[in-house]
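The values are calculated or read from the model by the stated rules, or taken from the named source; none is laboratory data. Treat the numbers as computed from the prediction; the structure is a model and nothing was measured. Here Cβ is always computed from backbone atoms with ideal geometry, including for glycine, and neighbour counts include all displayed protein chains.
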Amino acid sequence: MMIAAKTRRKVLSAALGGLLGLGISFTAMPVPQAHADIMGAILAGVQGAAAYAQVDKALNYYNNSEEGRQALMASYQKKLGVNYDEDLNEQLSSMMSNLTHAIGAVDPTIYNKPYIYFINNDESFNAFCSLGHVMSVNTGMYSMTSNPDEIAVVLLHEMGHGQKDHVAAGTRKKMRVAVAAGVVSGAAGGGMTDLALDILVNQIDNVSITKTDEWQADNLALTYLLHSNYNPGATAAMWQRVMDKSKSEASSFVGEIFSPSDHPTNQQRRDNYASRLSDLSGGNVSCEDGVVKVSGKEFVRPAAYGDMSAKERSYFVLGNLAAAYLHQQNLQPATADGNVVYLGNQPVMSCTANDPGAAELAEKLNTLKSSKPATVPSRELKKQAEAAPKKK
């Protein structure tokens, strides 16, 4: 895999007044100029409750009407460019179909507003979800990782924002504050329209996607991933990879795009996922500092392989073991088939030349594993339940 070595660069015009953030914290984007102009025109000259109603009407148009959704995506495509690479687009289309079904198993409302998406030409590491379930993936995402499991984590994080309407809620809040402050009342003409647009787009580094929103999107990503064929350990592995690359390729990561007070840190996100994976195994499996433990004892310390660090690999092993316990495959014996270790029918690890042999690890796993069904803690069950839409 290639490592992106480009610094943060501007990819939106002055009208958008901001940057697409690096993937250190996946972000959601505000409404672009062509459509925010309409919003500004609606707001100009209206006051109080009438202004609030017009804000909601404009947001509803771009968030829920097909005409508005398509217009929004066309505007992003014009601003950001489109990457037509056939292989990447085919992969993204297949993944979005799979992930839609995964989310649908938890939240069937996704079928009421299917995601529309494209790959843009920006070479920084990021993806975003805007109003209307309009999504875009930066070309730079594929320089950071070509692993479909890790890409799925990024996509599901953004879809988590979309499912919970974080962007609409954040944008509505900002516009209502502006109305209350009087900055869009009693004025007419382009000046007030421009001011409303400025409020919308010039705070892109803080678009009211709160720390709570980020945690919810992170947790939803794992919940959704569990209903797919992707390795749930990719959640922690993705953030470990970001941490690894931010150290080895410092020029690709220009500090903290978002203040730690506004968003969880990379380490916090990785550790949250590692803790949740351990919970899913009933506490039978854990991972720390590159060591995977079963029943509290060391099972394996995977070696680095290719451009994947030992720690990154360890989280994939953790994910496979957590899945095995979750689906009660730990009640079956561990076996080796060639260089692959299995627990029941769940693949656990593909051994490389620098790892212990598969047969040795299978034998060790049989001595360590619990042969009782895993009990998932209530806090994990609560997070799973919170992923479902609330009944009205």
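Please go through segment 357-369 and pick out each residue that is of a type outside the set (Val, Ile, Thr) and more than 13 Å from Gly344 (Cβ to Cβ). First the steps, then the outcome.
Pass one, segment 357-369, residues of a type outside the set (Val, Ile, Thr): 357-366, 368-369.
Listed by number, the residues that qualify are Gly357, Ala358, Ala359, Glu360, Leu361, Glu363, Lys364, Leu368.
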* Asked: Cβ-Cβ below 9 Å, separation at least six or inter-chain, first residue in segment 212-224 and at pLDDT 95 or above and among the charged types (D, E, K, R), second surrounded by fewer than 20 Cβ atoms within 10 Å (Cβ to Cβ) and part of a helix (DSSP H, G or I): which pairs?
  -> Asp218/Asn272
* To do: Specify the residue that is surrounded by the most Cβ atoms within 10 Å (Cβ to Cβ); the eligible residues are those in segment 85-138 that are hydrophobic (A, V, I, L, M, F, W, C), within 17 Å of Asn64 (Cα to Cα) and at pLDDT 95 or above.
  => Ile110
* Residue check, Lys57 against (1) surrounded by 13 or more Cβ atoms within 10 Å (Cβ to Cβ); (2) touching a helix residue (DSSP H, G or I) at 6+ places or on another chain (Cβ under 9 Å), all met but one. Which one? -> (1)
* Would it be correct to say that Ser251 is surrounded by fewer than 16 Cβ atoms within 10 Å (Cβ to Cβ), modelled with pLDDT of 95 or more, more than 24 Å from Ser350 (Cβ to Cβ) and not aliphatic (A, V, I, L, M)? -> no
* Structure fact -> Residues in segment 274-291 that are farther than 12 Å from Leu321 by Cβ and touching a Gly at 6+ places or on another chain (Cβ under 8 Å) total 0
* Working only within segment 285-319, note down all residues that are surrounded by fewer than 22 Cβ atoms within 10 Å (Cβ to Cβ) and out of contact with any helix residue (DSSP H, G or I) (no Cβ under 8 Å at 6 or more places or on another chain). => Lys293, Gly296, Glu298, Gly306, Asp307, Ala310
* What is the residue count in segment 335-392 for residues that are assigned to a strand (DSSP E or B) and more than 33 Å from the chain's Cα centre (by Cα)? -> 3
* Asked: Taking segment 68-84 only, how many residues are surrounded by fewer than 17 Cβ atoms within 10 Å (Cβ to Cβ) and at pLDDT 95 or above?
  -> 2
* State whether one or more residues within segment 361-383 are within 27 Å of Asp218 (Cα to Cα), at pLDDT below 95 and in contact with a Ser or Thr (Cβ under 6 Å, 6 or more places away or on another chain). => yes
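Are any residues in segment 302-331 in a loop (DSSP other than H, G, I, E, B) and farther than 15 Å from Leu277 by Cα, and if so, which ones?
Applying the first criterion (in a loop (DSSP other than H, G, I, E, B)) to segment 302-331 yields 302-304, 306-307, 309, 327-328.
Of everything in segment 302-331, those that are in a loop (DSSP other than H, G, I, E, B) and farther than 15 Å from Leu277 by Cα turn out to be Pro302, Ala303, Ala304, Gly306, Asp307, Ser309.
Can you find a residue that is over 29 Å from Phe316 (Cα atoms), modelled with pLDDT of 80 or more, surrounded by 19 or more Cβ atoms within 10 Å (Cβ to Cβ) and not charged (D, E, K, R) anywhere in segment 172-180? Step through it out loud before you land on a result.
Residues of segment 172-180 that are over 29 Å from Phe316 (Cα atoms), as a first pass: 172-180.
Keeping just the survivors that are modelled with pLDDT of 80 or more gives none.
No, segment 172-180 has no match at all.
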* Asked: Does segment 338-392 hold any residues that are over 14 Å from Pro302 (Cα atoms), polar (S, T, N, Q) and in contact (Cβ under 8 Å) with a residue 24 or more places away in the chain, and which are they?
  -> Gln346, Asn366, Ser370, Ser371, Thr375, Gln384
* Filter segment 269-284 for residues that are part of a loop (DSSP other than H, G, I, E, B) and either modelled with pLDDT under 95 or crowded, with 18+ Cβ neighbours inside 10 Å (or both) and give the result. => Ser281, Gly282, Asn284
